[in-house]
Amino acid sequence: MNLAPLGRHLLGERQAVNKFGQAGKGADKRIRRSLVLLRKAEAGDSAAISACLAAAFARFRDQYTPEAYADTVPNADGILRRMREMNVLVAVSDSAIVGTLGYTVNGSEGHLRGMAVVPEWQGTGVASDLLAAVETELQQRGCDSITLDTTEPLQSAIRFYQNRGYCRWGRTADFFGMPLYEYRKLLL
């Protein structure tokens, strides 16, 4: 797991407002101009990563089967297992994890898993920064494509990925009783 190119990547000051000038989707006035740091997740982050995933996916819980939701939003022990199987990146602001994204490399293909941004930070660019950092890392590691899997309830995530060059690849799998759609991006 060589994350040297990412290291403790300081993104600089980011105005934490969405494209409508609101502070996050919930227009939370407590979010202020702050630094967002991307770094490799550490074992001590597992509970906060689980909480980030739970917050980001809470509004979709009723649209998931119980098993699919549990796999999507693992508890802290599940996050620790995930961290042994893949690289996990976190976005941190004022010591709080506000976003996360996991990824693996299999030959010349990267795979994304577990993208989440807490609701009050959605729309502020954190997801774009996480994705750009991981795409850069995967390209530097020799990947020529990146895949990810997503579900029907996540229409805003699907649009997010499509706007960044990901296309439905055609493979559909069963994800604990839900269709799971594969998306792919070719790296140039």
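If you check residue 10 against the conditions, is it under 18 Å from the mean Cα position of the chain (by Cα), outside any helix (DSSP H, G or I) and modelled with pLDDT of 50 or more?
Details: under 18 Å from the mean Cα position of the chain (by Cα): yes; outside any helix (DSSP H, G or I): yes; modelled with pLDDT of 50 or more: no.
Answer is no for this residue.
Any idea which residue in the stretch 45-74 is farthest from the chain's Cα centre (by Cα), counting only those that are part of a loop (DSSP other than H, G, I, E, B) and surrounded by 15 or more Cβ atoms within 10 Å (Cβ to Cβ)?
Step one: list which residues in the stretch 45-74 are part of a loop (DSSP other than H, G, I, E, B), which gives 64-65, 73-74.
With the extra rule that they be surrounded by 15 or more Cβ atoms within 10 Å (Cβ to Cβ), the set shrinks to 64, 73-74.
Working: 64: 18, 73: 12, 74: 14 Å.
The extreme case among them is 64.
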Please give the strands (runs of 3 or more DSSP E) falling wholly within the stretch 75-159 in which 1 or more residues are among the basic types (Lys, Arg).
109-117
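Being within 20 Å of residue 175 (Cβ to Cβ) and of a type outside the set (Asp, Glu) narrows it down to one residue among 102, 107, 125, 142; which is it?
On the way: 107 fails: within 20 Å of residue 175 (Cβ to Cβ); 125 fails: within 20 Å of residue 175 (Cβ to Cβ); 142 fails: within 20 Å of residue 175 (Cβ to Cβ).
Checking each option against the conditions leaves just 102.
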With respect to the numbered conditions (1) buried (at least 19 other Cβ atoms within 10 Å of the Cβ); (2) part of a strand (DSSP E or B); (3) modelled with pLDDT of 95 or more, which one is the sole condition not fulfilled by residue 36?
(3)
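Okay, residues lined up against (1) surrounded by 16 or more Cβ atoms within 10 Å (Cβ to Cβ); (2) farther than 23 Å from residue 67 by Cα; (3) not β-branched (Val, Ile, Thr):
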| residue | (1), (2), (3) |
| --- | --- |
| 94 | no, yes, yes |
| 118 | yes, no, no |
| 125 | yes, yes, yes |
| 140 | no, yes, yes |
| 158 | yes, no, no |
| 172 | no, no, no |
| 176 | no, no, yes |
| 185 | yes, yes, yes |
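Would a scan of the stretch 100-115 turn up a residue that is over 12 Å from the mean Cα position of the chain (by Cα) and over 30 Å from residue 142 (Cβ atoms)?
Scanning the stretch 100-115 turns up no residue that is over 12 Å from the mean Cα position of the chain (by Cα) and over 30 Å from residue 142 (Cβ atoms).
Please indicate, with yes or no, whether at least one residue in the stretch 87-109 is of a type in the set (Asp, Glu) and under 23 Å from residue 62 (Cβ atoms). Steps first, please.
Taking the stretch 87-109 and keeping what is of a type in the set (Asp, Glu), we get 94, 109.
Checking the rest, the ones that are also under 23 Å from residue 62 (Cβ atoms) come to none.
Checked against the condition, which is being of a type in the set (Asp, Glu) and under 23 Å from residue 62 (Cβ atoms), the stretch 87-109 yields no hits at all.
The values are calculated or read from the model by the stated rules, or taken from the named source; none is laboratory data. Just so we're clear, the structure is a prediction, and the values are computed from it rather than from any experiment. Don't worry about glycine lacking a Cβ; one is built from the backbone with ideal geometry, like all the others, and counts go over all protein chains shown.
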